[in-house]
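Where a number appears in this text, it was derived from the coordinates with a stated rule and is not lab data. Keep in mind that what you see is a predicted model, and the values were worked out from it rather than measured. Note that we place each Cβ from the backbone using ideal geometry, even for glycine, and neighbour counts take in every protein chain shown.
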């Protein structure tokens, strides 16, 4: 059972990594707008997608206010 | 003598839906045989543009969306000011690769289909590489290639789709706000992670407590949970300590004090027990507590931010461009920020004046209603000063800029607003008032518990006292109030009442003095026809002539007089500040102020009925409009700023709810007196001719003897709104008043005010119920602690259950939009 001395810190470290990732995401403004993304998913059902429709999955640059 | 009281006949018959916005097309506009019907030209243009770009999918999406839509409303502007260097310096950011980026506020975004359409901009317009919509803030972020397209072209394209755009005008502290929002979210995330991980470890400890555990493992678990507990209180939980210390410093207890007390005691005793290696530790309860309290706070601030954003949007869509005359004589559209003292500006009829200025060419009338509350237009000719924010009603003028931005009269009033808001005492909420008594009671109970158990075992006595302190504080105060307020603010927003500060609800629920502005609040703020005396055959002709003018009195006649059955052929001879000379169907007419018409009469005889009607109008403080045919007086129309339809009923309802009603206005004392009288407000409770400074003074004097709610719309009310316990800005007011007010009614009329009063009473009831429920849980916890039955497991179970109950109760409560108060 002594393995718990190693496993527990590792588990907590993994959790810490997730927290750091969350903090970075918040600081980059990914959570600034929580209302538009739920509307945007509707658009994937588009009948005839056009240029520019699917190439912007991620945020290419940040809004102001860093 | 004939009297006609007429309205436009309601000829809107729903027959076919508009192909663009799906609203019913008015009967007169239906084209027989056409495949698509349109309710207006805006929709027709938008439909054509969307089809030609191959974006037909918009209409499929829009049909599937149940959100009510609005007709496309393009302005047809060219947006030249967006290409001005002054705008570029302020709003456009260069990106690597020679691209430019800017954000614009977009009016009229109402559903997912709008988002879809606007984000397809790169496919529809060459040179645009990216378009991203922020739905809540009604903004679009554009990236474009300046070599291929200008921002003004993009803007007018979006406009043709039916979405007028405006430069983003953020409040000065928007950046700071955004940083705070993000910091709050980070705290929430960290608190959540720590709460879950300590809970995980706590489960192991509970298991160990029941079935036995090797001491070295137990020591490890306790040390790890202590570390996380310290982290949770030192980082996300720090806000409670900081605000508790601030509250102690000003000697005003609020609910963060008992919270900080519980957290502090829990942390201290937990650390001591961890180091000693025996005794209970409550880190999982503390971490969960921090997390739950932060959730309550975050949800509340998010809901209030929504209201603030809606107000900011209104702020953005006020005109922000000026017509500047360049040295060469050409006129250019420039952003307001580019204006300098000494510039020559042109103000077209119907536009608002962008800066304080002195008229140098032309003569006109301006409406100062927003600045002074005066409902009647004021003459302005060469040499006269006009203020930023007033509206040019008559003819185009040229003027020299005297002051811009903060230095204008409107700007100075805004500073007054800030000062009065800063001076006002914060609203003491019921939770805050409870906090003091609650802390005292909890401390006393802890002391009693310790005393009762001291004889049995001093160690056990201290442990139980500590447990009681930890388990009693929590959700009672920290979660119950914010959640009830969030639910109420959310419901209110759906009913057109935007509430910026939750504490305002409690202040309103307590009632007191309600002070109402007149122009724009009790009245519509627009001139409407009251009476028409004289030759009835002139009425439709006068309506047709006045149709061509922008003056509010002219608009009142054009809309109030019965329209002609046949087309009227109108020739304007000339139109000046005071009136208009025209021929209509070959009949020569003079329509305008008494002075204007009298000066041009060929036969100065004044008929008896005319004199009588005129006296009556002047006595009642209405504005007379004389109409002469062939140089002889032929009719008299009177207009006034009519009371809102629901004013009387709403005021009666408010009085029945226990408000003391007062009227305070900057308009002419006689008009104010008459309006107050018609609403049943006694003479002593009304005041006319009040300057913005006077209004602030009156409110401050009233506020000394009890809560005051001020309701107003103009810049002239802003300082008073800021000084009142709660400021309420009504529909379509000036941006300054929106800024100063705690509540904004986005529906026209006074009925929302009644609903606000009833809704806040219900909200207060919900808050009290939540507090009662949480205090009930606390009573159980206290009983358990005093009986010696409280341990970390029981604490960890009681807390989330009490939190959950409060959440459910808040969500189920009907506060706004639930009909009359029981």
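Maximal additional length on extending the residue B:242-residue B:305 stretch stands at 20.4 nm, based on 0.36 nm per residue less the C-alpha distance. Each principal axis of the Cα cloud of segment B:675-717 was taken in turn, and the coordinate range along them, longest first, works out to 26, 25, 15 Å. As a rough guide to protection, the peptides B:78-89, B:478-489 ranked by mean Cβ packing within 10 Å, highest first, stand as B:478-489, B:78-89.
Inter-chain neighbour count for A:22-31: the average number of beta-carbon atoms from partner chains within 10 Å of each residue's beta-carbon is 4. Expressed per residue, the C-alpha convex hull volume of segment B:500-600 stands at 172 Å³. With q set to 0.06, 0.08, 0.11 Å⁻¹, the log10 of I(q)/I(0) for chain B, from the Debye formula over equal scatterers at the Cα positions, is -0.51, -0.85, -1.34. Taking 0.36 nm per residue of separation and subtracting the Cα-Cα distance, full extension of the segment from residue B:768 to residue B:276 would add 172.9 nm. A Förster radius of 41 Å, combined with the Cβ-Cβ distance separating residue B:63 from residue B:747, puts the computed FRET efficiency at roughly 0.90.
Report the calculated FRET efficiency for residue B:174 and residue B:249 (r = Cβ-Cβ distance, R0 = 30 Å), to the nearest 0.05. Step by step, r from the Cβ atoms, then E = 0.55.
Distance between the C-alpha centres of segment B:208-254 and segment B:762-794: 21 Å, rounded to the whole angstrom.
The angle separating the long axis of helix B:751-786 from the principal Cα axis of greatest extent in chain B is about 0 degrees. Modelled spin labels at residue B:564 and residue B:437, positioned 7 Å past Cα toward Cβ, are 7.4 nm from each other.
Using a simple spin-label model with pseudo-atoms 7 Å out from Cα toward Cβ, residue B:448 and residue B:694 lie 5.9 nm apart.
Computed from the C-beta positions of residue B:797 and residue B:652 and an R0 of 35 Å, the FRET efficiency is 0.10 to the nearest 0.05. Would you mind checking segment B:621-637 for residues with the amide N under 17 Å from a putative spin-label position 7 Å along Cα→C-beta of residue B:571? Inside the label zone: B:629-631. Roughly how tilted is helix B:647-656, in degrees to the nearest 10 and between 0 and 90, from the longest Cα axis of chain B? Helix B:647-656 sits roughly 30 degrees off the main axis of chain B. Seen against the Cα atoms of chain B and their longest principal axis, helix B:174-211 is set at about 30 degrees. Each of the peptides B:675-683, B:392-400 was scored by the mean count of other Cβ atoms within 10 Å over its residues; in descending order, highest first, they stand as B:392-400, B:675-683.
Which percentage, to the nearest 5, of the DSSP beta bridges contained in segment B:626-781 is antiparallel? Just about 35 percent of them are antiparallel. Separation of segment B:575-632 and segment B:667-732, taken as the distance between their Cα centroids, equals 35 angstrom.
Grouping the Cα pair distances of segment B:638-720 into 5 Å bins from zero gives a pair-distance distribution of 3, 14, 22, 27, 22, 10, 2, 0, 0 percent in increasing distance order.
Two numbers describe the Cα atoms of segment B:322-415: Rg and Dmax, which are 12.2, 38 Å.
Taking a point 7 Å from the Cα of residue B:89 along the Cα-to-Cβ direction, the residues of segment B:326-343 with backbone N closer than 14 Å to it are B:335-341. For the pair residue B:16 and residue B:41, the difference between a 0.36 nm per residue extended length and the Cα-Cα distance amounts to 7.4 nm. Put a dot 7 Å past the Cα of residue B:209, heading toward its Cβ, do the same for residue B:683, and the two dots end up 7.6 nm apart.
In whole angstrom, the protein assembly as shown maps to an equivalent ellipsoid with semi-axes of 60, 34, 24, each derived as √(5λ) from the alpha carbon gyration tensor and ordered largest first.
Each listed q (0.15 Å⁻¹) maps to a log10 I(q)/I(0) for segment B:621-675, found by the Debye formula over equal Cα scatterers with no solvent: -0.63.
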